[in-house]
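Asks: Would you mind keeping the following structure in view while I ask a few things?
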């Protein structure tokens with residue numbers, strides 16, 4: 001695909017279509033990789049985005065209980081010292 005380099009203030013840039021942005025899940029930022037004469041744009045994945053609010057909501061509703069004990073009956077804690 002060929003796209004034009006355009007003037008943006010004192011710099012130059014490229015415009016990506018909404019179709020490309022949606023297709024590759026590009027939101028606010030991208031990772032720019034320069035490798036062997038190529039420029040590669042990769043969407044930045046934030047797989048844990050929103051977890052903090054979800055955990056706060058769980059704590060308020062009392063839904064943040066452990067599913068199993070964090071220390072097992074047969075666990076030897078002395079070996080970790």
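The values are calculated or read from the model by the stated rules, or taken from the named source; none is laboratory data. What you see is a predicted model, and the numbers here were worked out from it, not measured in a lab. When we count neighbours, we look across all protein chains shown, and the Cβ atoms used for this are built from the backbone with ideal geometry, even at glycine.
Asks: Hey, can you tell me all the residues within the stretch 34-44 that are outside any strand (DSSP E or B) and over 17 Å from the mean Cα position of the chain (by Cα)?
Replies: Correct list: 36, 37.
Asks: Residue by residue through the stretch 34-60, note down the ones that are modelled with pLDDT of 90 or more and exposed (fewer than 10 other Cβ atoms within 10 Å of the Cβ).
Replies: 34, 35, 36, 37, 38, 39, 52, 53, 60
Asks: Hey, does the stretch 63-78 have a residue that's part of a loop (DSSP other than H, G, I, E, B), in contact with a helix residue (DSSP H, G or I) (Cβ under 6 Å, 6 or more places away or on another chain) and farther than 30 Å from residue 1 by Cβ?
Replies: yes
Asks: Also: Could you give me the residue pairs with C-beta distances under 6 Å whose first residue belongs to the stretch 58-81 and is without any contact (Cβ under 8 Å) to a residue 60 or more places away in the chain and at negative phi, whose second residue is surrounded by 10 or more Cβ atoms within 10 Å (Cβ to Cβ) and not in a loop (DSSP other than H, G, I, E, B) wherever it lies, and which are 6+ apart or on separate chains?
Replies: Here the result reads 64/58, each pair linking the stretch 58-81 to a residue that is surrounded by 10 or more Cβ atoms within 10 Å (Cβ to Cβ) and not in a loop (DSSP other than H, G, I, E, B).
Asks: Starting from the stretch 1-27, take each residue that is over 13 Å from residue 41 (Cα atoms) and list its partners that are part of a helix (DSSP H, G or I), counting only C-beta distances under 9 angstrom and pairs at least six apart or across chains.
Replies: The qualifying pairs are 1/20.
Asks: Also, quick follow-up: Kindly check whether there is at least one residue in the stretch 10-33 that is over 20 Å from the mean Cα position of the chain (by Cα), at pLDDT 95 or above and in a loop (DSSP other than H, G, I, E, B).
Replies: Yes, there is a match, as at least one residue in the stretch 10-33 is over 20 Å from the mean Cα position of the chain (by Cα), at pLDDT 95 or above and in a loop (DSSP other than H, G, I, E, B).
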